Structure formats: C-alpha cells, structure tokens
Amino acid sequence: MIHNEDCMETLSRFEDNSDIDLIITSPPYNIGNMKSNHIKYGTYANNNLPEKEYQEWQIQVLNECYRVLDDGGSMFYNHKVRIKNGRAIHPLEWILKSDFILKQEITWDMGKSANCDKIRFFPFSERIYWLVKDPKVKLSNNKKLSDVWRVVPTHKRKETKHIAVMPIQIVDNILDAFATASFVYDPFSGSGTTYKAAMNRGIRVEASELNFEYYERSLSELIEEAGE
C-alpha cells in the first residue's frame, strides 16, 4: 500500500520496534525550485526550506524510522553532497545527530552529472547510508559488491515526471543482501522504485508519498503492470 500522506503520519501508526525489516528511501534534497526540461523539482513539499529547518526535519524522520524499525533491521538512506552558497553540505551533518548507528557509506557512481558547471569538479556521485540500531547487524554480500555502485540512471524525465528517479538496481542490490526481509517501508516513495522492487519479489511493502501527482502516477503504473 502507498499512502498519500506525510510520512510522519504513516510512521505514527507503527509500533515501536515493529516488524519492518528494511527502510529504503531517498528524501527530497532541499535544492529549491530547480528545473529540468519537463518538470519543476520545487513542486515537492519541503524542498526549499531554510537549511537548518530541513536538517531538523530529516533528523525527526530518521528518528521515527529508528523507532519503528525492527531491532535487527536496517535503513538505507540515499542523499548527496549539495552545494549551497559555495559551501558543500554533507548528509552526515544531520545523520550523525540522529539515533541511528552508521554502519557503512556506499558511493553511488551515477556515471554522469546533472550539474556540469565549470567552477568545480563535476559531481558524478551520490551516497547511500546503511543505518542500523544494532552494530552487530550483518548482510549477505552474495553479489560480491564493493562500496562503490556504478548504476547509470536511464529513465527519461519527460516520461516519469520526476527529476530524480532511483534506479531499481539500487533497491535490488539491497534486497539481494537481505534475502529474509519480509517487510519493507519507504517514507518518500517518489516514483515508487522501492515499492515496485519489493512487490516484484512478493515482499510485503508499504510506502508514503505526499505529492499527489507522484502518488497517482505510481498507482497507475502498478495497475498497468498487474494487468499485463
């Protein structure tokens, strides 16, 4: 089920230490009214907040995810190093203020950059943070992956109406490493990548998406796939 609501509302209905095994998500990056050829990224709620307010909000979300996650569960949180007013802002600035334990930082090598300005080295990467409640939690690296994942996005923004779609391979890499996971949650569903990847494997999955356009489009795609 995808809930068309703020993730904090969805999270509030889960009990402490619930049966959620994995939380996989990529929140809005707070990059303002950035435009692509076909959409405005700033239409997403909470994407143009004062930086301090944004970080406080992310800490609140992370702490709620920590609360509901199973004690042996894991969260994978995708974000990137942003540039604002000439200063690099690293996601660890707020992640380390949350209740989570940082287990590992994975570099997502995107193979290309959307921001090819000539005043700095072109950013070709984002980050995926493996966060846990128990430092003894392990994964099964059956695919023998390193901590650098080269996954080049191939989606067309005109078709997805979303400027930052997470490739399904990213989620599949995570699910492959947690074969016994039976319940997955995504607080920022966006185009529905986490939901689709889990559903394809028959894993129970829930997600939250506040933006009605993204929510409606995800549902339409799921109905189409179910009818094939």
Checklist outcome for this item: Short to long, in 5 Å steps from zero, the percent of alpha-carbon pairs of the chain per bin is 1, 6, 14, 19, 22, 19, 12, 6, 1, 0
Next on the checklist: For a quick check of understanding: with a 1.4 angstrom probe and all protein chains in place, what accessible area in square angstrom does L145 have, to the nearest ten?
Outcome noted: 60
Item to check | Cβ charges +1 (Lys, Arg) and -1 (Asp, Glu), total dipole of the chain, debye | outcome: 1280
Item to check | Area accessible to solvent at K103, 1.4 Å probe radius, in Å² | outcome: 70
Item to check | Residue with peak Gaussian network fluctuation, the chain [Cα springs, cutoff 10 Å], from G86, G190, G32 | outcome: G86
Checklist entry - Which aspartates and glutamates have a Cα lying under 16 Å from the Cα of K133, excluding residues fewer than 8 positions away in the same chain? => result E15, D16, D19, D21, E64, D70, D71, D99, E105
Checklist entry - Using the per-residue mean of other Cβ atoms lying within 10 Å as a proxy for protection, in what order, highest first, do the peptides 75-82, 11-18 fall? => result 75-82, 11-18
Item to check | Selection from I20, P123, I89, by position along the positive dipole direction of the chain (Cβ) | outcome: P123
Checklist entry - What shape does the stretch 71-132 take by its C-alpha gyration tensor, where a ≥ b ≥ c are the square roots of the eigenvalues and a/c under 1.5 counts as rounded, a/b above b/c as prolate, and the rest as oblate? => result oblate
Item to check | Segments 48-61, 191-204 sorted - mean Cβ within 10 Å per residue, highest first | outcome: 191-204, 48-61
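State which entries of K112/K144; K80/K118; K112/K196; K118/K143 exceed 28 angstrom in Cα-Cα distance in the structure shown. Each step should come with its number before you reach the end.
Values: K112/K144 24 Å; K80/K118 19 Å; K112/K196 25 Å; K118/K143 37 Å.
Cα-Cα > 28 Å for K118/K143; rest within.
The values are calculated or read from the model by the stated rules, or taken from the named source; none is laboratory data. In this text the structure is predicted, and so the values were computed from the model without any measurement. Every residue, glycine among them, receives a Cβ derived from its backbone with ideal geometry; neighbour counts consider all protein chains shown. The accessibility values were calculated without ligands, DNA or RNA, using every heavy atom of the protein model including side chains. Shrake-Rupley method; radii C 1.70, N 1.55, O 1.52, S 1.80 Å.
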